[in-house]
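Take a look at the structure below.
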Amino acid sequence: MDYLQGVVIPPMRNRAVTEILDFNFILSNMKETDYKNTLAVTALIELLTDKGVITKKDFSAKAQEIECADLAGIISRCRPSLNKKLE
């Protein structure tokens, strides 16, 4: 917990405060990782479209296809009775 150096925490609340700080630290790192992943994916898409490997329309269509497939899978796992109605 190097990020807590110099922070004075009252003894009675030490554990609760530390847990909150740990959670906030973890959440902050997750946001940074998410940002970096988004930046990397965006850069890859731009490079692939700039070089003519894919078009933005192709990318959008594939993303929508995957999203719909994921949604259909979620629905089928969570509510099997909906499958009969959808067929």
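Kindly state, to the nearest 0.05, the FRET efficiency for Leu47 paired with Leu71, given R0 = 30 Å and r defined as their beta-carbon distance.
Numbers: r = 29 Å, r/R0 = 0.96.
Using R0 = 30 Å, I get an efficiency of 0.55.
Starting from the Cα of Cys78, move 7 Å in the Cα-to-Cβ direction to define the label point; list residues of segment 31-67 whose amide nitrogen is under 18 Å from there.
Under 18 Å, as judged by backbone N against the label point of Cys78, lie 66-67 of segment 31-67.
Any read-out appearing in this document is the output of simple, stated calculations on the displayed coordinates, not a laboratory observation. Predicted model, so just to flag it, every value in this text is computed and none were measured. As a convention, Cβ positions derive from the backbone with ideal geometry for all residues, glycine included, and neighbour counts pool all protein chains shown.
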